[in-house]
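Peer 1: Sharing a structure below in structure tokens format, with a few things to ask.
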Amino acid sequence: MPAVGGIGPGTGKEYPGNLTPYVLVTCIVAAMGGLIFGYDIGISGGVTTMTPFLQKFFPNVWRKKEADKTKNQYCQYDSQTLTMFTSSLYLAALLASLVASTVTRKLGRKLSMLFGGLLFFAGALINGFAKAVWMLIVGRILLGFGVGFANQSVPLYLSEMAPYRYRGALNIGFQLSITVGILIANVLNYFFNKIEGGWGWRLSLGGAMVPALIITVGSLILPDTPNSMIERGQTEEAKAKLKRIRGVDDVDEEFRDLVAASDASKLVEHPWGNLLQRKYRPHLTMAILIPFFQQLTGINVIMFYAPVLFNTIGFKDDAALMSAVITGAVNVGATLVSIYGVDKWGRRFLFLEGGVQMLICQAVVAACIGARFGTNGDPGDLPKWYAVVVVLFICIYVAGFAWSWGPLGWLVPSEIFPLEIRSAAQSINVSVNMLFTFAVAQVFLTMLCHLKFGLFLFFAFFVLIMSIFVYFFLPETKGIPIEEMNRVWKTHWYWSRFVEDLDYPNGGMEMSKGGQGPKNV
């Protein structure tokens, strides 16, 4: 049977370099770009359960939830207008990520991050002062433009700045910032909901200006990556920057490979069209399927609508928001586990372990909710132990996602693309992510109303499929220099048929000099 996973030992280069305080601080500041995405995910779910917010903008939902005293817990939030408020951001992010590809490639990663921060700030300002639904939607669209630019540029920036031995941990800083943003948003929702006068939702929505300012200011003080500087003709400055980043003077070999990669990328006139070439088949497949599967884990259902979900399974409003805070804290803690282990245990191990953990938890939650709510959605009086069991397994599920598909869904695509298609491929990755984030967010409440507890089994099915996909088709990328990444495809039992040595004439860019690479396994 052919080898399913990784690569043989001794097949690649080892560039000299250290994890310097300079690059560590730089990556921490850049990773804070994830705060805007995380804050929005956490805020939008909490705000949509606040009674004053629903009364002002979505009175039909409020009447269905409160005045009608509906007993069908599955359907009380089923409103396409309400879900459009939440999910319109992701359509905007999809469009912005396509534009961001050109900006990131031609003007640098920093400028994309700056645009992201400014657009997100404008959206938060409009939402905080919203008087009508159209203002909410306009604000969400601007927020989406900001998320699209940030999510396109920040993971690339981190993967290019980090020494290859620590690339996984530093890149996951982006996902850590997302989880911290979600947690902060959930805590703020809990306290703002208690403000007398019912205007706390304005503070929740307007508070997004703070993470927007962080990424805006951060983008102004961060250095550009050597890859980006070489791509824009700043060769000598790039070499000096590479020496400072790596903390050593002996950077000639890595610098030559970066220049070779840049020279190859300049021969590519149409990077979007190039993605369809046979030699990029593995890259395009991962750019599409990894974000597709990441959204169909069901995690955004939990994080968008955690307060809604906990309210639906019988918690009161405050308890629902507090349960969302608990899952947010679990999310942050489990992401720290991923930072510790991703460069030690490898990407594949975390993907597969997390998949098994999520699959088991989804089955248990479906059984628990099905046993109490049945198909009519009327749970009667819920015992406290039952609610605790559901929250516990949802937390275990969140932990499984937070150390596997959460961070790795951003890390792996950002590190596997050759420079000549990197910006375009990352835009495909973000676009697919946002498209399915939008789709899941838009149809979730309707699916909950119709599929009931079976919704968790729906997502469990996709967790099973994607775990099988990882086992057979995703090679291990731990410890591979980013400009040497092509050898993981050349040694893979399936993808090797698409990638040949002749596809990459600059031997130093992707392989050892002279083309002496590993044989197919």
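The values are calculated or read from the model by the stated rules, or taken from the named source; none is laboratory data. Bear in mind that the values here come from a model prediction, so they are computed numbers and not experimental data. Counting neighbours? That spans all protein chains shown, and the Cβs are built from the backbone with ideal geometry, glycine included. Calculation scope for accessible area: heavy atoms of the full protein, side chains included, ligands and nucleic acids excluded. Shrake-Rupley method; radii C 1.70, N 1.55, O 1.52, S 1.80 Å.
Peer 1: Can you tell me how many residues within the range 466-499 are among the aromatic types (Phe, Trp, Tyr) and not in a helix (DSSP H, G or I)?
Peer 2: 3
Peer 1: Of everything in the range 276-301 that's open to solvent by less than 10 Å² (accessible area, probe 1.4 Å) and assigned to a loop (DSSP other than H, G, I, E, B), which residue is modelled with the lowest pLDDT?
Peer 2: The selected residue is 298.
Peer 1: Give me the pairs: first residue in the range 345-364 and on the phi > 0 side of the Ramachandran plot, second residue open to solvent by less than 40 Å² (accessible area, probe 1.4 Å), beta-carbon distance under 9 Å, and six or more apart or on different chains, which are they?
Peer 2: Pairs that qualify, where the first residue is on the phi > 0 side of the Ramachandran plot and the partner is open to solvent by less than 40 Å² (accessible area, probe 1.4 Å), are 346/5; 346/6; 346/168; 346/476; 346/477; 346/479.
Peer 1: Let me ask something else about it. Inside the range 168-231, counting only helices (runs of 4 or more DSSP H) that do not spill past its ends, which hold 1 or more residues that are under 21 Å from residue 140 (Cβ atoms)?
Peer 2: Result: 200-206, 209-221.
Peer 1: From (1) surrounded by fewer than 15 Cβ atoms within 10 Å (Cβ to Cβ); (2) free of Cβ contacts under 8 Å to residues at least 12 places away in the same chain, pick out the condition that doesn't hold for residue 221.
Peer 2: (2)
Peer 1: Which of the residues spanning the range 123-140 are closer than 21 Å to residue 213 by Cα, open to solvent by less than 50 Å² (accessible area, probe 1.4 Å) and assigned to a loop (DSSP other than H, G, I, E, B)?
Peer 2: 130
Peer 1: Let me ask something additional. For a quick check of your reading of the model, give me the residue pairs whose first member lies in the range 445-463 and is farther than 20 Å from residue 291 by Cα and touching a residue at least 24 places away in the same chain (Cβ under 8 Å), whose second is outside any helix (DSSP H, G or I) and open to solvent by 20 Å² or more (accessible area, probe 1.4 Å), with beta-carbon atoms closer than 6 Å and at least 6 apart or on different chains.
Peer 2: Between residues of the range 445-463 that are farther than 20 Å from residue 291 by Cα and touching a residue at least 24 places away in the same chain (Cβ under 8 Å) and residues that are outside any helix (DSSP H, G or I) and open to solvent by 20 Å² or more (accessible area, probe 1.4 Å), the close pairs are 445/78; 446/78; 449/78; 452/375.
Peer 1: Quick one: which residue in 416, 465, 360, 428 is farther than 28 Å from residue 183 by Cβ, out of contact with any helix residue (DSSP H, G or I) (no Cβ under 7 Å at 6 or more places or on another chain) and at pLDDT 80 or above?
Peer 2: Among 416, 465, 360, 428, only 465 is farther than 28 Å from residue 183 by Cβ, out of contact with any helix residue (DSSP H, G or I) (no Cβ under 7 Å at 6 or more places or on another chain) and at pLDDT 80 or above.
Peer 1: Inspect all residues belonging to the range 384-392 and state whether any of them is at pLDDT 85 or above and within 22 Å of the chain's Cα centre (by Cα).
Peer 2: no
Peer 1: So, in the range 302-335, of the ones that are part of a helix (DSSP H, G or I) and at pLDDT below 65, which residue ends up surrounded by the fewest Cβ atoms within 10 Å (Cβ to Cβ)?
Peer 2: Once the filter is applied, the top-ranked residue is 317.
Peer 1: Would you confirm, using the coordinates I've provided, whether residue 167 is at pLDDT below 85 and of a type in the set (Lys, Arg)?
Peer 2: It is true that residue 167 is at pLDDT below 85 and of a type in the set (Lys, Arg).
Peer 1: Still on this structure: For the structure I just gave you, tell me whether residue 55 is open to solvent by 30 Å² or more (accessible area, probe 1.4 Å), at pLDDT below 85 and polar (S, T, N, Q).
Peer 2: In short, yes.
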